[in-house]
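Just so you know, all these numbers are worked out from the coordinates, no wet-lab data involved. Note that this is a predicted model, so its numbers are computed, not measured. Cβ atoms come from the backbone with ideal geometry, glycine included; neighbour counts cover every protein chain shown.
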Ligand code: GRF
């Protein structure tokens, strides 16, 4: 993919997404409106038919499609992604519905530079079905978590959490809609804090400076 691109000033962000991309869009809007003062430099997707690609084209964001099937090993697949990140001088990776687990080696390369959003109050309801699992369990409060990614799934130091009361009359679809609405607020907020260098991550705890 040629030489490293000329580096604009500010933080270069890559969003990784595999599906719908509503979080990608919320982030793209926040960047466009300069609520986040950074460059949304790249969308990385492992899914060539994902709706998020349409959203990226709308915002004229560069796209790298890196399919797992095109590589023999996970290591090669991740090396493919890493070379795209290098070309674009990426400083921050934002996972937004990316359906692949990054290897510990990958995570170490970007230690405290990978954010993830999870649709429950971690450490409760980890995994791919956080909203449904919380709903089925019958919890009265769930919510959204933004955290740094570490070597374990849905585990790294927590940046922001927002609780959400589940009403008896809520259907799963209504709860999903409310969760997504919260996500679209707190993910841009967390990214803004990162780009303003206001996040100080320890092993377990994240300090938010001058908020
Ligand atoms: C979100 O619910 C997020 O919490 C989870 O994956 C979903 C992605 O949704 N990690 P979208 O593709 O951003 O609409």
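Any chance you could count how many residues in the stretch 170-198 are without any contact (Cβ under 8 Å) to a residue 60 or more places away in the chain and touching a strand residue (DSSP E or B) at 6+ places or on another chain (Cβ under 7 Å)?
Residues meeting the conditions: 5.
Can you tell me how many residues in the stretch 84-122 are in contact with a strand residue (DSSP E or B) (Cβ under 9 Å, 6 or more places away or on another chain) and part of a loop (DSSP other than H, G, I, E, B)? Please lay out each step first, then the result.
The first filter runs over the stretch 84-122 and keeps only residues in contact with a strand residue (DSSP E or B) (Cβ under 9 Å, 6 or more places away or on another chain), leaving 84-85, 87-98, 100, 102, 106-107, 110-122.
Then drop every residue that is not part of a loop (DSSP other than H, G, I, E, B), which leaves 88-91, 96-98, 100, 102, 110-113, 119-122.
Summing the residues that are in contact with a strand residue (DSSP E or B) (Cβ under 9 Å, 6 or more places away or on another chain) and part of a loop (DSSP other than H, G, I, E, B) in the stretch 84-122 gives 17.
Taking the stretch 187-202, which residues are in contact with a helix residue (DSSP H, G or I) (Cβ under 9 Å, 6 or more places away or on another chain) and not in a helix (DSSP H, G or I)?
Of everything in the stretch 187-202, those that are in contact with a helix residue (DSSP H, G or I) (Cβ under 9 Å, 6 or more places away or on another chain) and not in a helix (DSSP H, G or I) turn out to be 198, 199.
In contact (Cβ under 8 Å) with a residue 12 or more places away in the chain and touching a helix residue (DSSP H, G or I) at 6+ places or on another chain (Cβ under 6 Å), is that true of residue 98?
So residue 98 fails the test.
Within the stretch 127-142, how many residues are more than 10 Å from the ligand (Cβ to nearest atom) and either assigned to a helix (DSSP H, G or I) or surrounded by 22 or more Cβ atoms within 10 Å (Cβ to Cβ) (or both)?
So the answer is 7.
Specify which of the listed residues (93, 13, 117) is closer than 25 Å to residue 206 by Cβ, within 12 Å of the ligand (Cβ to nearest atom) and touching a residue at least 40 places away in the same chain (Cβ under 8 Å).
None of the others qualify; the one that does is 117.
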